Amino acid sequence: MPRRHWATVVMTLGITVTVLDASMSNVALPAISASLGIPASQAVWVVLAYSLTVVGCMLPLAALAERVGFQLMFGVGMSIFLLTSLSSALSSTMTQLVVSRVGQGLGAAMLMCLFGGIVRNIYPLSRLSAGIGLNAFVVGIMAVLGPTLGALMLQWFTWPAIFLVNIPLGLVTFLGLRTLPDIPRRSGPFDWTACALSAALFALALFGLETVGRDLALAGLCLGVAAVIAWILLRRSWGQPAPVVPVDLLRIRSIGYAVAASAFFFAAQMAAFVALPFYFKTVYGASYALVGLYLGTWAIGGALMAPLSAYVAGRFPVAVLCALGAIVMMLGLSGVLLAPQGNVLAWLLVSMFLGGIGFGFFQTPNNRAMLGGTPRHRSGAAGGMQATTRVFGQGVGTACVGVAFQLSTAHGAAFGVGVAALFALAALTVNVVRHFDPTPDARF
C-alpha cells in the first residue's frame, strides 16, 4: 500500500506537467508570435509540432516500454521533457522553439504512453475504476487551471515562464521513480520497421486531417499515403504475438469497442472546445472572461463526475454507462445550440455543465473496459493505445471543425458544435451495438 501511494503521486505529477504544458502553451501563442516576430500561421507550429510528435511516437514507445521497463522509460521521458522545456524557454528563434517542442513531444509521449499501464499495475482489478477516476479528476482540474495559470503568468512574466513552470514539478518525480510498478519485460527482437511505419501513419493521418481546410490536394496525398501504410502495417502485425500496433488487443471485442467509442468521444470533446469559443463570441458577443467561464464550467462538471463514474464503473454494464454519458453530452451541446433569446447566461452554464458531466461520466467506464480487459503483460501496449486513441481522436475533431469553418464563415462555429454532437452520437451508436453484441468477449 505505501508503494502504491507513492507511485500514484509520481504518476499524478507526470500527468500534471504534461496537461499543464499542453494547455498553457496554447494560451502563449499570441505572445510568442509577437516576441519572435512571426505571423500567427507560423506560431501554430509551436502546438502542431508537439501534437504530431506525440501521436506519432506513443505506440512505438509503449512497445519499447514493455521491453525496458516502466521506471527507465519514465525517467528518460521526464529527463527529455524537462531539458527540452528549458530549451523552449531559452529559444530566441522560431526554428529553435519548434525543435525544442518536438523534443517536448517526444518526452511527453514517453510519459503519456505509460499512464494507462501504470494504473493497470498499481491497482488490483477491484480498485481499477478508482485509479482511472483519479486520473480523470486530475486531468479535469489541470484542464481548468492550465489556461488560467498561463494567462496569469503571461500577465506577470514573459512567455518563457510558461515552459519553466514544468521543471520543479518534474524534478520531484525522480524522488519516487523507484516506486513505479515493475512489469514482466518482453524479450526477443524489436520491430523497428513497424515503429517507423506507425509513427509515419499517425503523423501523416493527423497532418492530412488538419490540412483539409487549407490545402485539399496535400491533405488527400497525406491521407492516401497513410492508408497505404496502414494496410502494410496491418498485414505485418496481424500474426505477431505482441505487435507495435496492438492488433492482438483490438481482436478482443470489448477492447475494440472501447477504442472506437473513445476515438469518437474525444473527437466530440475537442471539436466542441475548438468551436464553442468562436460560437460564444460570434452569436452572443461573449467576452473572453465569459468564454473562459463557460469552458471552465464544462471542465468542472467533468472533474466532479469522475468520483461517481469510478464508483458505478464496476457495478453496471459499461455500454449502458458510456451510452448515458454520450446522451448527456449531446443534451449539453444541443442546449448550447438551442438556447433561447434574451438572458442566456444561466442556460448556457447549465448546458456546458451537462456537457462536462457527460464527458466525465463516459471516461472511467470506457477506460476501465480498455485497460481491465488487457492482460497485464500487455498493459504497456494498452496504455499507449489508450493515449494514442485520445490524441488522434482530438486531432480528428479539430480537423473537422476546420472544415466546418471552410464551408461557412458565418455559420462555421455552429456547424462545428453540430459536428461535436454528431461525434457524440457516433460514440452512442458504438455503445448501443456493444450492449446488444452477443459475443462473450464483447462486454467487460
- Task: Could you check which residue among Val212, Val283, Val46 shows the biggest mean-square fluctuation in a GNM of the chain with a 10 Å Cα cutoff?
- Result: Val283
- Give the shape of region 242-317 as rounded, prolate or oblate, defined through the alpha-carbon gyration tensor: a ≥ b ≥ c are the square roots of its eigenvalues, a/c under 1.5 means rounded, and otherwise the shape is prolate if a/b is larger than b/c and oblate if not. oblate
- By per-residue mean of other Cβ atoms within 10 Å, what is the highest-first order of 354-367, 388-401? 354-367, 388-401
- Karplus-derived HN-Hα couplings along region 174-179 (A = 6.51, B = -1.76, C = 1.60, θ = phi - 60°), whole Hz, x at Gly and Pro: 5, 5, x, 4, 6, 7
- Can you give me the relative contact order of the chain as a percent, contacts being Cα pairs under 8 Å and 6 or more apart? 24 percent
- Query: Mind listing the phi-derived Karplus ³J(HN,Hα) values for region 192-209, rounded to whole Hz, using 6.51, -1.76 and 1.60 with θ = phi - 60°, and x for any glycine or proline?
  - Reply: 5, 5, 5, 4, 5, 5, 5, 4, 5, 4, 6, 5, 5, 5, 5, 5, x, 5
- Task: First check a/c for the chain, with a ≥ b ≥ c the square roots of the eigenvalues of its C-alpha gyration tensor; if it is under 1.5, answer rounded, and if not, answer prolate when a/b is larger than b/c or oblate otherwise.
- Result: rounded
- Cα Rg over Rh - region 1-174, Kirkwood: 0.99
- Note on the structure: Checked region 310-412 with the C-alpha gyration tensor, a ≥ b ≥ c its square-rooted eigenvalues, rounded below a/c of 1.5, otherwise prolate if a/b is larger than b/c and oblate if not; verdict oblate
- Query: Where is the GNM fluctuation largest for the chain (alpha-carbon springs, 10 angstrom cutoff): Trp156, Trp238, Trp45?
  - Reply: Trp156
- Provide the packing ranking of 192-203, 2-13, i.e. peptides ordered by the mean count of other C-beta atoms within 10 Å per residue, highest first. 192-203, 2-13
- Note on the structure: With the dipole of region 1-174 defined by +1 on each Lys or Arg Cβ and -1 on each Asp or Glu Cβ, the option from Gln96, Leu64, Gly170 whose Cα lies farthest towards the positive pole is Leu64
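Since every read-out is calculated from the coordinates, none of them should be taken as a lab result. Quantities reported herein were computed from a predicted structural model and do not represent experimental measurements. We place every Cβ from the backbone using ideal geometry, glycine too, and count neighbours over all the protein chains shown.
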